[in-house]
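The values are calculated or read from the model by the stated rules, or taken from the named source; none is laboratory data. Predicted model only: the values in this text are computed from it and were never measured. Backbone-built Cβ (ideal geometry, glycine too); neighbour counts: all protein chains shown. These area figures cover heavy atoms from the full protein model, side chains too; ligands, DNA and RNA do not enter into them. Shrake-Rupley method; radii C 1.70, N 1.55, O 1.52, S 1.80 Å.
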Amino acid sequence: MSNNTLRAFYKLSMKYLKPLVWLRFSSIATLIIFVFSSLTLFGQGNPDKGKDLFKANCAACHNKNMKDKLTGPALGVTLADWSAYPHSDLLKWVKNSQGLIAEGHPRALELWNQYKPVVMTSFPTLADQDIEDILSYIDGVAKGTYGVPAVVPGAATAIQSEKPENTNWVYWVLFAVFGLVVVVLSNIIRNLNSISKSKDQEIIKEKTLLGTLTSKKMLGLIILAMIVLGSFTTVQNAIHLGRQQNYQPTQPINFSHKIHAGDNKIDCNFCHDGARRSKQSIIPGASTCMSCHKAVKKGTLSGTSEITKIYASIGFNPLADTFITHYDKLPEKEVEQIYQKWITDQYIDASSATLSDASAFARNQWSDIVKSMTSNTKSTVKGPIEWVRIHNLPDHVYFNHSQHVTVAGLDCAKCHGKVQEMDVVRQYSPLSMGWCINCHRETEVKFADNPYYDSYINYHKEIKEGKRSKVTVEDIGGLECQKCHY
Amino acid sequence: MSELKENYWSGVEEFIQDESFIKQTESEFYDLPILNELSEGNTGVESSHSRRDFLKYLGFSVGAATIAAGCESPIRKAIPYVHKPDSIVPGIANYYASTFIKGNDVLPIVVKTREGRPIKIEGNTLSNFSNGGTSARAQASVLDLYDTDRLKQPGAINSRGSFNKVSWEDLDTAVMGKLNPASKVVILSNSICSPSTLAAISTFTTAYPATRHIMYDPVSSSAILMANERSFAKRIFPGYRFDKAKLVVNFGADFLGTWVSPVEYASAWVKTRKLKNFENPDISRLIQFESNMSYTGANADNRMLIKPSEQGLAIAKLYNSVAALTGGGGISVNGTLSNAKAEKSIASVAKDLVTKSKAGQATLIISDSNNVAEQMLINKMNDILGNYGKSIDLTNYSNQRKGIDKDIVTLITEMNGGSVDMVIVLGDANPAYDLPDAKQFTEAYKKVPVRITCTIAPNETSSVCTHSAPDHHFLESWGDSQPRRDVYSVMQPTIAPLYNTRQCETSLLKWAKHPMAALEAGTEYQTFIRENWKSSVFTVQKDFSNFDNFWDNSLHDGIVEFPAAAGSATVLADVSGLGGSITAPTKGSVEVKLYEPMGVGSGAFANNPWLQEMPDPITRSVWNSTLHVPIWWNGDDDFLVFKDFHTDGQLATVATHLAKIEEIPIVRQFGQMRETIGMPLGYGRSMGSPSAVGVGQYAYNFMTRDGDGNIQYWSDKVTVTPTGGTDGNYASVQDHHTLGVRGKDKSGKEINVDEKAIMNIGNGYQGSLTDRSILKSADLKNLDERLKELKEFRTEAASLNNETLYTGFDYLYKQGHHWGLSIDLSACIGCGACQVACVSENNVPIVGKHEVHRHHEMTWMRIDRYYYGDVESPHVFYQPMMCQHCDNAPCENVCPVNATNHSAEGLNQMAYNRCVGTRYCANNCPYKVRRFNWLDYSSADLFVHNENNPLPDGKTKFYEDNIIRMVLNPDVTVRSRGVIEKCSLCVQRIQEGKLKAKIEKRDLRDGDIKTACVTACPTGAIQFGDQNKKDGLLEKHWNDPTTYFVLEEINTKSKVGYKMKVTNQNNDLV
């Protein structure tokens, strides 16, 4: 069957199946609508929209649980203190906090004194309604009402019906019944045969069980079954060839995402700055590391050993706080001297060890550094750091980060997992085609707020008429071959 | 012959309804007769493996795969920058405006780079000079950068005749040691239109005052320069304004293909060829006099056949007729043209010219003649017709031709006399190859003590030099150019030099001890250009008061163009006595016309495999030079052929008293003057990269010089004899992938008819159609009628069958995007720029001569060539043909694995990894646009026999080299053996354009997405758009009354709209 006939068949079947599916979910929809309406009581905003806005604008500084401080205050707590002032003051604060401080607003000054010199980013582009949305989301989370469906009498059954039913047992029962029928029928046939043959005066030789098992037919059947099973396993395994879920290689630098993204809350996009605008998320260059590590010269876990690797790569002299000119032409011997001296000095500072102990320590550490920073193709510590690539898509797959990060607004963790908790990063997702496709089937396109999608007139019409609640990536062609393969 | 006029035909075989040809058109995949295949010996695939070997291999591969599966996956590295440059974001292309300069070609371009490596050339749309167009050569030039056979470091000759590696310091010391203020140095180059290069040369001449700079051109316009010097006391090449001329009368100049500045001319000329209103249709006219079917002749409205030696006579006769009609006196000429029709036409052409001139319209007469008297007559005619200041601009003259042919003759004498101490050969100048007296030159040249070459790749001249100071490729260079006086174009490097090379201008500055030569390496010439612009162009312009701003802006735009000034008044020399100076026609001998081919040009482009594999627009042959021989209708029932040449690819021996070619394959050429042959220059290189050496035959020595020393690109007294043999690998794509345009046989019987369908259903039913809507043409005189026919045809086609297998998809198709193309066949001149652009953009492999011979070329886009009209001198119909992305695609529903299917945006998608290579789709494609990877072209296969070695040396695997692979577009998959591929409508560009609009949160506009072919086209013939966009570009084009769809009647619902070809013939000449 060609694709198009399949497609036609699919469309046809969906035509009849959809109403059934719809019936099943309509009761849940009622429930969800109820929950939404109850939430809106807390503010004049839409908390779902607020969630997206919060993630995009606030989450870098404010804790998502609304209870703990991060760079900025815990919003669930601090917002309550604004209730003494006009609501418009709060909106003003969000849009331009420095302005309000300059005006001498008492609450603003109070916060400033608490958190200075950290300046809250101004959000002049946020509309009042946007802020209301955010506020109602914050409120919902702080009070624990957001995201938890309220228990409504009579809706309990509806919730249960949403649980995916495990229908496998039906098949097993059917299998058993049919098996039984086959055995019974074959017995009947055999008996009838022997009766008819005995009528024909033939000598009937009853087969023993062993005889039946070693008969040609049975052996053939077993071999066939083995071939089928073997092929199935081979194909299954072949499909999984090259997939590397949970791949967690050792990197040349013991870089910890937990410390950087977790403890220090550095935004993913700060280092992987390609994710917003390019196909690649970009492994940051050593120059990017240097924006902090010019000052931060020792690691919390590793001391000098790891950060010295960056210095050796780019040619930064931590003793003199300068970049070495013509570093690429500097003899290896001098490179070694500079960094061994650095390690020695630091070691002595930290442990007041003797010079000879410290030098021995530095020599050891330096030889480790050289080992991890060089390879078959790279003979010197100077130059780019050869990270081991964790996420490998096959060459015939085109994937674009900016499409997913900027346009779709996906959270990095959606595919990469909680990297902020990983000391050593591992591949979180299978990165298989089925995995991609499933997400494309489920994910809703941000249809309303991007004029680009205006050309999808039929969908817009249906949404307006209430015939359609959402447009998924699949609906705009997200499952088509040449969206990813070209 | 008149009975055949309404038909289209693609070549001789189709015209004479050759049985084997017809049979071949039935099947998509051509099979060579097996005996032929086995006897060839030199096949890409050896068949010495038995079935047992196959089983062994099978067992081995299964075993290997099992072991491989048990091992760990390879460790892949992700290597970031150390210092990430701000301007480079990996994954995002950067575009830089620059200038393409190679050989005699100059063009403002935009270079697409990815992660710091140039991968694609686009047109500069800001330029009114090129109008955003490019040429096939410009498109292919990016591959030259990664040529692995370039000269990689400075060298000095050793005892074995090759270069020893030396350092630049040593080379400079050696060269400067030979220089003193009295040194008689000659700097030899092709015409240079770069003001800064000329300034650098003049610093050298100032330092060593006995230095002379000699410019010459392999295909020169020496006579035009000399004629203008005599006519106006200005040794200049005029600025031709084809956009102003209502009638162009052209004696042999190939201005749309190769002559001087083809992109400038073609893009201007096409402006006058676009039908704007249908009430009162008006387009310009082109009348061509020539012997050999040229690229321009192919696009002419009327073509008159004359012998090469008769060109002067024809010009003189036209002059007399024009003079007579305008009341002036003629010159005395004797003789008549051997073609009676051409003789008769002169009066009509003169009438046409004078009528237009009297109506105040500009006309234009041009010629490629290299005879001074003939060019003076042309000047005089243009003056009589009032063309100066209108279609010819002497103020804004062209800088692209400056060479005077006889300078080289003088140089040879001087070198023989020992009065030259040093010769520096700049750029692509290759006098040891591209002169009629190249042999004499080489001999004399060897007598010069110091001979320095500054070429980028080895050639015949560099092989006889003593020192080599290799130049950067233009994509690594700083530079500028002034192709026309009012047009400046800047060149900037887009990649750091790949090898230890140095710009030749820097070398000149160093040797001249210019103060700037002491600057930091790599910045010398850059600073020099800046300073030069500061004192020249900056002082002329009025838009900027700050030089830095001006310079930055110029670099950004790539061009600085000044408003066109009015042409100057002219004083013309008397021409009445020139009758005796024009070429005297010779009678009774075969004559050869030598022409510059589109691909390899004068030979400077022969190193480029993309150009070698671009089919010649006329002969459609690749990887070879072919001899055009005439074929003509006897006026009754048969073809007459020249000298028993019955099949294309037959070998001939060609000789004159000067030169001889033992074996050259012939192609029977319609529209070739009888008793004349055509032969391309630029082939038969003996030194160069593997793709140049051994390809085609050397033809420069067939040329002669006239009394002024001007090179004559033709010769008489030629003997042509069949050798009796045939080129076993003759590679012409003409009969590959034919659509089967068939009409009536010789007796007038329709032969493309399904008799059964007629009997059962009646005439006119789809199955019995004879009028396949592949080609549609009209002339202004029958335009109304043809448009009416077209309308009726389209209505009928729609009513025949408007069913679809896929109902209900309109819902998806009518929203979002639905892509399509529009191709204007009147604007398509067949230049091949789109084809090379497609190769460059989509990583289309080159396959080499043998594979093309076996119909295995991989190009996603082809330009079909058909003939129609007068058999003796037919019109040529060029039709770019690529995947039509049918909504009812016949290829899709035959794929057993669903590897090709349809997207909601109307793209016919191809998933390579699904394809198992059944090739059913290709068999079912009525447009024959699908290509199968018979071999591995990416050097990724485990088995060496599956790999293809396209270059003539049979060893070089093209994409094996890591340097060459840098040219690949990282956004397009490199396909493996055994899969089908085809035009994707540049889906990577579509996705990129969509993403950009999404990120910027705006709707997608026309022009956001341009496919590679669209950006390459010099005439704007190809347009890309969204069918769903109301009042959009595509809607505008598709609603044009001339638009039709190829094979609309079979209801494929294709999405490439073609606009019919419209000509404007002079009826008196038909």
Q. Within the set of pairs 6 or more residues apart or between chains, which connect a residue that is closer than 30 Å to residue B:343 by Cβ inside region B:273-296 to a residue that is assigned to a loop (DSSP other than H, G, I, E, B) and of a type in the set (Asp, Glu) with Cβ atoms less than 8 Å apart?
A. B:285/B:301; B:286/B:301; B:287/B:301; B:294/B:254; B:295/B:254; B:296/B:254
Q: Would you be able to say whether some residue in region B:922-940 is more than 26 Å from the chain's Cα centre (by Cα) and hydroxyl-bearing (Ser, Thr, Tyr)?
A: yes
**Q.** Selection within region A:390-411 - out of contact with any Phe, Trp or Tyr (no Cβ under 7 Å at 6 or more places or on another chain), among the β-branched types (Val, Ile, Thr), at the interface with chain B (Cβ under 9 Å from one of its Cβ atoms) and open to solvent by less than 40 Å² (accessible area, probe 1.4 Å)
**A.** A:407
Q: Identify the residue in region B:609-640 that is in a strand (DSSP E or B), of a type outside the set (Gly, Ala, Ser) and open to solvent by less than 40 Å² (accessible area, probe 1.4 Å) and, among all such residues, is farthest from residue B:15 (Cα to Cα).
A: B:627
Q: Could you tell me whether region A:209-219 includes any residue that is within 14 Å of chain B (Cβ to nearest Cβ), over 30 Å from residue B:992 (Cβ atoms) and either assigned to a loop (DSSP other than H, G, I, E, B) or without any contact (Cβ under 8 Å) to a residue 12 or more places away in the chain (or both)?
A: no
Q) Pick from region A:241-257 the residues that are in contact with a helix residue (DSSP H, G or I) (Cβ under 6 Å, 6 or more places away or on another chain) and more than 10 Å from every other protein chain (Cβ to nearest Cβ): which of them is least open to solvent (accessible area, probe 1.4 Å)? A) A:253
Q: Specify which of the listed residues (A:279, A:309, A:294) is in contact (Cβ under 8 Å) with a residue 12 or more places away in the chain and surrounded by fewer than 19 Cβ atoms within 10 Å (Cβ to Cβ).
A: A:294
Q: Check every one of the helices (runs of 4 or more DSSP H) wholly within region B:975-1070 and list those with 2 or more residues that are over 24 Å from residue B:278 (Cα atoms) and open to solvent by 40 Å² or more (accessible area, probe 1.4 Å).
A: B:987-999
Q | Selected residue (criterion: nearest to the other protein chains (Cβ to nearest Cβ)) from residues of region A:365-383 that are open to solvent by 50 Å² or more (accessible area, probe 1.4 Å) and either in a loop (DSSP other than H, G, I, E, B) or basic (Lys, Arg) (or both) | A | A:377
Q: Could you check, for region B:854-861, whether at least one of its residues is surrounded by 23 or more Cβ atoms within 10 Å (Cβ to Cβ), under 24 Å from the mean Cα position of the chain (by Cα) and among the acidic types (Asp, Glu)?
A: no
Q: Would you please list the contacts, defined by Cβ atoms under 7 Å and residues six or more apart or on different chains, that run from a residue in region A:443-462 that is at the interface with chain B (Cβ under 8 Å from one of its Cβ atoms) and surrounded by 14 or more Cβ atoms within 10 Å (Cβ to Cβ) to a residue that is at pLDDT 90 or above and assigned to a helix (DSSP H, G or I)?
A: A:450/B:998; A:452/B:997; A:452/B:998; A:456/A:476; A:459/A:475
Q: Looking for whichever is at pLDDT 90 or above and within 30 Å of residue A:419 (Cα to Cα) here; the options are A:374, A:344, A:380. Which one fits?
A: A:374
Q) Looking only at region B:682-708, which residues are closer than 30 Å to residue B:585 by Cα and in a loop (DSSP other than H, G, I, E, B)? A) B:682, B:683, B:684, B:696, B:697, B:698, B:699, B:703, B:706, B:707, B:708
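Residue-by-condition table, conditions (1) within 14 Å of chain A (Cβ to nearest Cβ); (2) touching a residue at least 24 places away in the same chain (Cβ under 8 Å); (3) open to solvent by 10 Å² or more (accessible area, probe 1.4 Å); (4) farther than 30 Å from residue B:276 by Cβ:
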site: B:793; (1), (2), (3), (4): no, yes, yes, no
site: B:818; (1), (2), (3), (4): yes, yes, no, no
site: B:834; (1), (2), (3), (4): no, yes, yes, no
site: B:841; (1), (2), (3), (4): yes, yes, no, yes
Q.
So in region A:277-296, with the set limited to residues that are over 25 Å from the mean Cα position of the chain (by Cα) and in a helix (DSSP H, G or I), which one is nearest to residue A:381 (Cα to Cα)?
A. A:286
(Q) Looking at B:1034, B:985, B:995 in this structure, which one is within 14 Å of another protein chain (Cβ to nearest Cβ), hydrophobic (A, V, I, L, M, F, W, C) and touching a helix residue (DSSP H, G or I) at 6+ places or on another chain (Cβ under 9 Å)? (A) B:995
**Q.** Matching residues, region B:95-121, being at pLDDT 95 or above and within 14 Å of chain A (Cβ to nearest Cβ)
**A.** none
Q: Please tell me if residue A:387 is under 29 Å from residue B:74 (Cα atoms), more than 14 Å from every other protein chain (Cβ to nearest Cβ) and of a type in the set (Phe, Trp, Tyr).
A: no
Q. Looking at B:154, B:118, B:108, which one is within 23 Å of residue B:452 (Cβ to Cβ) and surrounded by 23 or more Cβ atoms within 10 Å (Cβ to Cβ)?
A. B:154
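Are any residues in region A:463-486 within 7 Å of another protein chain (Cβ to nearest Cβ) and in contact with a His (Cβ under 6 Å, 6 or more places away or on another chain), and if so, which ones?
A:485
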(Q) Among the residues in region B:360-377, are any open to solvent by 30 Å² or more (accessible area, probe 1.4 Å) and of a type in the set (Val, Ile, Thr)? (A) no
Q. Consider residue B:966 against the criteria (1) touching a Ser or Thr at 6+ places or on another chain (Cβ under 9 Å); (2) among the aliphatic types (A, V, I, L, M); (3) farther than 29 Å from residue B:790 by Cα; (4) away from chain A (no Cβ under 13 Å): it satisfies all of them except one. Which criterion is unmet?
A. (1)
Q. From the residues in region A:61-78 that are closer than 19 Å to residue A:113 by Cα, assigned to a loop (DSSP other than H, G, I, E, B) and of a type in the set (A, V, I, L, M, F, W, C), which one is least open to solvent (accessible area, probe 1.4 Å)?
A. A:74
